[in-house]
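For reference, the structure discussed in these notes is given below.
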Ligand code: MN
Ligand code: MN
């Protein structure tokens, strides 16, 4: 499959019913778009590409979702339909629970997915508060269903004994926040999927999050990793932005910045 010169489609998934602590991420997609198009900034990536004039980049709007468990099937189906075009897809969450149905759709199209997962949390719980579809569980569901060949997690700083067992069981490669380095990124092979939970960032850089976990990385650390990606990136999600907690929209700008650089990687490799 020729992955070159494909188009990139943006889609929002306004879902936060699987959040364990606070609601709010369902309101994120329009806020991140607003920041992306804010007159206080521009749409030019750090590589000099103007996304505002980029014919290969389009916005498909937000998925319309039913409430309850039916949302998971609707997310998978809606994303599978968008993937029919052959486009690469960048998804704005929503909470991290959406990554399970997202990867189900991607795995239907791509064998041997590698997932690069940036997060304060491993999200490998077998269940949380009796919910196996919690935003604390997506990578347990993905790995037990063999939907990815390789899972590399970076920025982790909340590993519990249970999740350490899960990581060992599934062969997850973990780069903790303490050992943060982009060294592993060059070894990642196509087809590659990036899952960016914004709480990988220190709360100082991203207050608009449900789970403030100190000791995180900087925005520049995340951009360095994104820009180090060389394998074709077939899909990405940017999740857990919670506008209810944001301060002056600063976290929306951070999400929009990350979005621009992820789209640049998709257009350029
Ligand atoms: Mn997460
Ligand atoms: Mn997290």
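No value in this document is a laboratory result; all are computed from the given coordinates. Please read all numbers here as calculations on a predicted model, not as lab measurements. Cβ: placed from backbone, ideal geometry, glycine included. Neighbour counts: every protein chain shown.
Quick look at the numbers
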read-out	value
Binned Cα-Cα distance frequencies in the range 229-269 - 10 Å width, integer %	28, 44, 22, 7
The chain shape via C-alpha gyration tensor axes, a/c threshold 1.5	rounded
For the range 97-145 versus the range 215-265, the gap between their alpha-carbon centres in whole angstrom	19 Å
FRET efficiency estimate (nearest 0.05) - Cβ-Cβ, residue 85 to residue 268, R0 25 angstrom	0.80
The range 100-171: relative contact order in percent, alpha carbon pairs under 8 Å with at least 6 residues between	40 percent
Calculated SAXS-style log₁₀ I(q)/I(0) at q = 0.14, 0.23 Å⁻¹ - the range 114-164, Debye, Cα scatterers	-0.32, -0.86
For q = 0.11, 0.20 Å⁻¹, Debye-computed log10 I/I(0) when each Cα of the range 112-230 counts as one equal scatterer	-0.33, -1.13
Structure-based [θ]222 nm, the chain - -39500 (n - 2.57) summed over DSSP H runs of at least 4, per residue, nearest 500	-9000 deg cm²/dmol
Per-q log10 I(q)/I(0), the range 142-199, q = 0.14, 0.20 Å⁻¹ (Debye; single scatterer per alpha-carbon; no solvent)	-0.41, -0.87
Computed label-point distance, nm, for sites residue 55 and residue 247 using a 7 Å Cα→Cβ extension	4.5 nm
Two-site label geometry, residue 22 and residue 169: point separation in nm, points 7 Å out along Cα→Cβ	3.1 nm
Spin-label pair residue 77/residue 160, simplified geometry with 7 Å Cα→Cβ offset, distance in nm	3.3 nm
Cα gyration tensor, the range 35-178 - rounded (a/c under 1.5), prolate or oblate	prolate
Rounded if a/c under 1.5, otherwise prolate or oblate - the range 1-100, Cα gyration tensor axes	oblate
